[in-house]
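Notes follow the structure.
Readers should treat all values here as calculations from the given coordinates under stated rules, not as data from a laboratory. What you are looking at is a predicted structure, and each value in this text was computed from that prediction instead of being measured. Ideal geometry is used to build each Cβ from the backbone, glycine not excepted, and the neighbour counts take in all protein chains shown.
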Amino acid sequence: MVSLNVNGNTASVDAEPDMPLLWALREDLKLTGTKFGCGMSLCGACTVHLDGQAVRSCTTPISAAVGKKITTIEAMSATKAGQAVQAAWVAHDVPQCGYCQSGQIMSACALLSQNGKPSDGDIDEAMSGNLCRCGTYNQIRAAIKDAAVSLSKGA
């Protein structure tokens, strides 16, 4: 039995320590907002936060998450960054098919929590591990910039 801190709650998972965090979240804890994309940390659909850092849950063993604060997309609307990013996503019509969006939002929120005024280069670097088959990269960049402005105004 492994004890995890997920979205501010303690959760127990009956799993081997090398089980990917993604499967503990989706299958055991029924937090299905975190998506499976590639299983190799290449697409970013499975992005969650471990102690505020964006990580790929498909290749992160649950043993690496023990004693850390795990945040999933389900909890992002409770944060100012999450609210700002989600509002900007809607304003810029970012989602097309939507599959990658939870991972994109998680990476964007991690960036904005560390850098309140990201440049285009900062955004491109932070988001480079998140793929969007629909090609909404320009809308994503614009939404992140708007979310940064919103956060700087205390909205």
*Translational D in µm²/s for the stretch 76-153 (Stokes-Einstein at 20 °C, 1.002 mPa s, Kirkwood Rh from C-alpha pairs)*: 179
*Helix runs (DSSP H) in the chain reaching 18 Å along axis by Cα, Kyte-Doolittle at least -0.5*: 101-114, 137-152
*Lys pairs in the chain, Cα-Cα under 20 Å, at least 8 apart or on separate chains: how many?*
10
*Here are some values of semi-axes √(5λ) of the Cα gyration tensor in Å: (i) 24, 18, 16; (ii) 26, 16, 13; (iii) 31, 17, 15. Which one was computed from this structure?*
(ii)
*Just the number, please: percent antiparallel of the DSSP beta bridges in the chain, rounded to the nearest 5.*
85
_Local net charge near residue 153, Cβ-Cβ under 14 Å (Lys/Arg +1, Asp/Glu -1)_ = +2
*For residue 90 paired with residue 128, estimate the spin-label separation in nm (one decimal), with each label point 7 Å from Cα along the Cα-to-Cβ line.*
3.3
